[in-house]
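Derivation of every value follows stated rules applied to the coordinates shown; laboratory data play no part. A quick note: this is a predicted structure, and the numbers were derived from the prediction, not measured. Cβ: placed from backbone, ideal geometry, glycine included. Neighbour counts: every protein chain shown.
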Amino acid sequence: MSDKPTYITREGRAKLEAELEQLVTVERKQVAERIAAAKELGDISESGEYEDAKKSQSLLEGRIREVKSILSRAELIEDGHHNGNGEVRVGSSVTVRFEDDNEEETWTIVGSAEANPRDGRISNESPIGSALLGKRSRQKVTVQTPNGVTKLTIVKVH
């Protein structure tokens with residue numbers, strides 16, 4: 001896993017901490033109980049339930065490691081964070097206008113752990129998110145995305 005910081009809001013950190021607590025205290029116990037119950041059924045070499053429970057345990061432990069890693073590298077940001085000069089940065093909300101259809105969208109630039117484009121939260125590591133960083137209102141931005149070249153203008157940084 002990467003050593004680079006993961007930008008995260010207080011809300012995002014709280015969600016990850018709650019998820020980790022749930023995974024460790026509840027789900028880990030449930031999976032262990034499933035494994036024990038499957039062992040009690042006898043021959044585990046041909047037990048589909050045992051194999052399924054072990055697979056669930058592997059996925060669970062992987063997610064626990066992932067969440068712990070994110071939290072250990074978390075660099076706290078504030079929603080609506082401003083640096084005083086109107087520049088887009090992680091935590092900023094940005095309204096943009098697409099050149100091709102004149103439609104406007106507003107996004108908040110967040111770390112990859114909290115990105116959810118459907119909720120208006122794009123990652124600072126995404127093509128559009130990274131292209132917006134450091135820009136100001138009225139600047140035009142051209143971005144190479146998986147869907148082709150996208151041209152937009154920053155309407156407002158808030």
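For region 6-76, rounded, prolate or oblate, judged on the Cα gyration tensor with a ≥ b ≥ c (square roots of eigenvalues), a/c < 1.5 rounded, else prolate if a/b > b/c?
prolate
Comparing Ser56, Ser92, Ser130, which has the greatest mean-square fluctuation in the GNM of the chain with Cα pairs linked when under 10 Å apart?
Judging by the Gaussian network model, the answer is Ser56.
Using the 2.2 N^0.38 Å rule of thumb for compact globular proteins, work out how region 115-158 stacks up: its C-alpha Rg over that value, please.
Ratio of Cα Rg to 2.2 N^0.38 Å: 1.13.
Give, in nm to one decimal, the length gained when the segment between Val143 and Lys55 is fully stretched (0.36 nm per residue of separation minus the Cα-Cα distance).
27.6 nm
In whole Å, what is the distance between the alpha-carbon centres of region 10-66 and region 82-158?
Taking the Cα centre of each part, region 10-66 and region 82-158 sit 38 Å apart.
Just Pro146, Pro127, Pro117 to compare: in a GNM of the chain, with alpha carbon springs under 10 Å, which one fluctuates most?
Pro146
Across bins of 5 angstrom width beginning at 0, how are the C-alpha pair distances of region 79-157 distributed, in whole percent?
In order of increasing distance, the bins hold 3, 17, 29, 29, 16, 4, 1 percent.
Using the alpha-carbon atoms, what tilt in degrees (0 to 90, nearest 10) does helix 28-40 show relative to the longest principal axis of the chain?
For helix 28-40, the angle is close to 30 degrees.
For Cα extents along the principal axes in Å, the listed values are (i) 40, 36, 30; (ii) 69, 32, 24; (iii) 49, 34, 30; which was obtained by calculation from the structure presented?
After the calculation, the listed value that fits is (ii).
Past 30 Å, Cα to Cα, is the threshold; run Lys68/Lys151; Lys68/Lys156; Lys15/Lys54; Lys29/Lys68 against it and keep the listed order.
Lys68/Lys151; Lys68/Lys156
Just want the answer: with Cβ charges of +1 for Lys and Arg and -1 for Asp and Glu, which residue in Val149, Ser137, Ile122 is farthest toward the dipole's positive end in region 113-158?
Checking the options against the dipole of region 113-158, the answer is Ser137.
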